[in-house]
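All remarks here apply to the structure that follows.
The values are calculated or read from the model by the stated rules, or taken from the named source; none is laboratory data. These numbers come from a predicted model, not from an experiment. Ideal geometry is used to build each Cβ from the backbone, glycine not excepted, and the neighbour counts take in all protein chains shown. Heavy atoms of the whole protein, side chains included, go into the accessibility calculation; ligands, DNA and RNA do not. Shrake-Rupley method; radii C 1.70, N 1.55, O 1.52, S 1.80 Å.
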Amino acid sequence: MYPRDRKYTKEHEWVLLEADGDAVVGITSYAQEQLGDIVFVDLPSPGTRLAQFQKLGEVESVKAVSDLYSPVAGEVLEANARLVQHPELLNQDPHGAAWLVRLGGVDKADLENLLSAKAYDQLLARQA
Amino acid sequence: MVTHLQRSPLHASHLAHGARMVPFAAWELPLQFAGIIAEVRAVRSASGLFDVSHMGRLGVRGPQAAGLLDWALTAPIPSLAVGRARYTLACSTDGGILDDAVVYRSGPEEYLLVCNAANRDTVWRWLLRWQTERFGDAALEDRTLDTAMVALQGPQAPALLERLASGVAGGLTSFGCAQAQVLGWPTVVSRTGYTGEDGFELILAAEGAPRLWERLVEMGAAPCGLGARDLLRLEAGLLLHGADMDSAANPFEAGLERFVALDKESAASAALRRIRQEGVRRKLTGFQMVERGIPRHGYAIVHLGAAVGTVTSGGYSPTLDRSVGLGYVPVELAQPGTRFAVDVRGRLVEAQAVSLPFYSRRRK
């Protein structure tokens with residue numbers, strides 16, 4: 001079961017709305033498993049404005065490149081510098097230390113376009 | 001649609017060891033087991049085990065076997081001694097590279113050609129053509145599906161092989177080959193590989209392969225997939241046919257001229273002599289990325305604002321902890337030290353030509 005505290009996209013990103021209204025974005029454990037050893041992460045600079053489902057960056061494994069999409073609209077407040085230095089963190093802790101960006105100015109209504117943990121589990125079950 | 005993929009005799013072992021399987025050259029093969037980077041490190045530091053049963057294994061024997069191979073391949077065959085193997089190319093009559101292969105001489109009139117899976121039919125037809133036209137006293141036999149082939153690679157490979165077949169490893173120098181009994185099966189063992197490490201390749205009856213695989217894994221060899229194999233060969237500067245060269249490239253462009261004997265008559269010799277005399281305009285070069293970014297097959301190489309070449313292979317090298325690639329560039333840009341850029345999905349990332357190999361093991 002994926003963490004219930006956040007919402008998911010069909011493209012295997014997650015977004016967690018924090019108490020202060022900021023949103024933290026990452027990719028799911030399923031995504032990192034499918035990608036294999038991750039060796040490169042490209043993230044947007046602070047100040048970048050993203051629309052919902054707009055391309056946010058890229059993650060590259062030994063074998064393939066994948067685009068990352070922002071689950072919600074917002075302004076990039078912080079990109080995870082430690083992750084850029086240590087892309088392998090994405091394989092180790094995708095739901096925690098390997099978050100991608102922190103977004104501000106998020107509209108909660110965007111969350112309604114996303115999947116609950118339960119719906120995401122069902123999506124994975126169908127793909128298995 | 002994915003139907004009728006050929007399965008290796010080791011298919012069940014791969015599934016039991018948790019392989020992620022992928023289609024490759026009409027075969028279903030492991031992409032990875034524990035993970036590509038872990039597998040690369042195992043081969044560089046200890047030992048890894050690869051199922052290479054998909055490689056074509058074509059037997060050529062008879063009084064005209066040597067004549068046929070000497071005509072069909074770029075290597076000099078008469079000088080190949082019994083118990084030796086040699087890397088070679090099959091070039092067409094226009095000099096294009098049909099495939100690269102290793103030719104083994106296992107007896108006075110007994111040869112084995114190990115070629116790429118994707119080119120097995122091409123090489124078979126190429127040999128058959130010259131057998132039919134000129135060398136009728138050579139017999140051809142495709143042994144690919146009756147046999148299995150396993151590569152044991154890494155610094156610990158000799159010690160592991162010694163435990164399975166005493167005295168075999170010590171009797172083989174690089175590119176030596178011998179017949180041996182391994183776990184009761186007659187096996188062709190050669191000191192060859194595609195990783196840049198010391199190691200062996202073993203060819204035996206398909207039925208004998210699963211036990212050999214299990215024994216080597218029990219002894220500590222890490223099962224490795226195609227992902228690790230591709231990175232290891234790239235680090236070692238070894239080319240992949242279908243990516244780094246094909247029938248539209250000649251050996252001089254691909255930097256493989258040292259494998260071409262120009263002082264013999266062969267199907268390709270007239271074309272190859274002409275190409276050498278005329279010279280080439282593009283060359284395959286190794287390069288490393290100066291800025292962050294990973295080059296991939298098909299990306300454009302850009303110089304002074306113009307696309308001047310194409311990346312043929314590329315990736316992140318775990319051993320060197322940097323991204324490296326191979327690609328064709330105009331001859332003047334192939335000099336080590338020359339700077340150019342790679343178009344990484346719309347972003348120009350600076351790269352520098354370097355001499356091959358990227359990685360070379362320390363020899364004892």
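Where in the stretch B:188-294 are the helices (runs of 4 or more DSSP H), entirely inside, with at least 2 residues that are free of Cβ contacts under 8 Å to residues at least 40 places away in the same chain?
Working: elements: B:209-218, B:226-235, B:269-278.
Answer list for the stretch B:188-294: B:209-218, B:269-278.
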Take B:ASP121 and tell me if it is farther than 23 Å from B:ILE275 by Cβ, open to solvent by 40 Å² or more (accessible area, probe 1.4 Å) and over 12 Å from the mean Cα position of the chain (by Cα).
yes
All conditions in (1) over 22 Å from B:ASP137 (Cβ atoms); (2) open to solvent by 10 Å² or more (accessible area, probe 1.4 Å); (3) part of a loop (DSSP other than H, G, I, E, B) are true of B:TYR87 except (3)
Any residue that is at pLDDT 95 or above, open to solvent by less than 20 Å² (accessible area, probe 1.4 Å) and in contact with a helix residue (DSSP H, G or I) (Cβ under 6 Å, 6 or more places away or on another chain) - is there at least one of those in the stretch B:235-249?
no
Out of (1) of a type outside the set (A, V, I, L, M, F, W, C); (2) in a loop (DSSP other than H, G, I, E, B); (3) touching a helix residue (DSSP H, G or I) at 6+ places or on another chain (Cβ under 6 Å); (4) open to solvent by less than 20 Å² (accessible area, probe 1.4 Å), what's the single condition that is false for B:PRO9?
(4)
Might you let me know whether the stretch B:188-200 holds any residue that is open to solvent by 50 Å² or more (accessible area, probe 1.4 Å) and either of a type in the set (Asp, Glu) or on the phi > 0 side of the Ramachandran plot (or both)?
no
Residue check, B:SER360 part of a loop (DSSP other than H, G, I, E, B) and touching a residue at least 12 places away in the same chain (Cβ under 8 Å)
yes
Within the bounds of the stretch A:3-11, is there any residue that is more than 14 Å from chain B (Cβ to nearest Cβ), outside any loop (DSSP other than H, G, I, E, B) and either among the hydroxyl-bearing types (Ser, Thr, Tyr) or open to solvent by less than 10 Å² (accessible area, probe 1.4 Å) (or both)?
yes
So B:SER45 fits all but one of (1) in contact with a helix residue (DSSP H, G or I) (Cβ under 7 Å, 6 or more places away or on another chain); (2) modelled with pLDDT of 95 or more; what number is the exception?
(1)
Out of (1) more than 23 Å from the chain's Cα centre (by Cα); (2) modelled with pLDDT of 95 or more, the odd one out for B:PRO357 is which?
(1)
Over the stretch B:14-57, the set of residues closer than 17 Å to B:VAL150 by Cβ, open to solvent by 10 Å² or more (accessible area, probe 1.4 Å), away from every other protein chain (no Cβ under 14 Å) and small (Gly, Ala, Ser) is B:ALA16, B:ALA46
Within the stretch A:54-68, track down each residue that is surrounded by fewer than 18 Cβ atoms within 10 Å (Cβ to Cβ) and more than 14 Å from chain B (Cβ to nearest Cβ).
A:GLN54
Among the numbered conditions (1) within 30 Å of B:SER269 (Cα to Cα); (2) among the aromatic types (Phe, Trp, Tyr); (3) more than 18 Å from the chain's Cα centre (by Cα), tell me where B:TYR87 comes up short.
(3)
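Of all residues in the stretch B:93-113, which are open to solvent by less than 70 Å² (accessible area, probe 1.4 Å) and either free of Cβ contacts under 8 Å to residues at least 60 places away in the same chain or under 11 Å from B:ARG61 (Cα atoms) (or both)?
The initial filter retains those residues of the stretch B:93-113 that are open to solvent by less than 70 Å² (accessible area, probe 1.4 Å), namely B:95-107, B:110-113.
Of everything in the stretch B:93-113, those that are open to solvent by less than 70 Å² (accessible area, probe 1.4 Å) and either free of Cβ contacts under 8 Å to residues at least 60 places away in the same chain or under 11 Å from B:ARG61 (Cα atoms) (or both) turn out to be B:ALA101, B:VAL103, B:ARG105, B:SER106, B:GLY107, B:GLU110, B:TYR111, B:LEU112, B:LEU113.
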Mind checking which residues of the stretch B:93-116 are under 14 Å from B:ASP246 (Cα atoms) and of a type in the set (Gly, Ala, Ser)?
B:GLY95, B:GLY96, B:ALA101
If you go through the stretch B:313-329 one residue at a time, do you hit one that is open to solvent by 10 Å² or more (accessible area, probe 1.4 Å), charged (D, E, K, R) and more than 13 Å from chain A (Cβ to nearest Cβ)?
no
Residue list for the stretch A:89-128, restricted to those being in a loop (DSSP other than H, G, I, E, B), of a type in the set (Ser, Thr, Tyr) and crowded, with 17+ Cβ neighbours inside 10 Å:
none
So for the stretch A:27-34 (the condition being closer than 28 Å to A:ARG126 by Cβ and assigned to a strand (DSSP E or B)), does at least one residue qualify?
yes
Of (1) within 30 Å of B:ARG274 (Cα to Cα); (2) open to solvent by less than 60 Å² (accessible area, probe 1.4 Å), B:THR144 fails just (1)
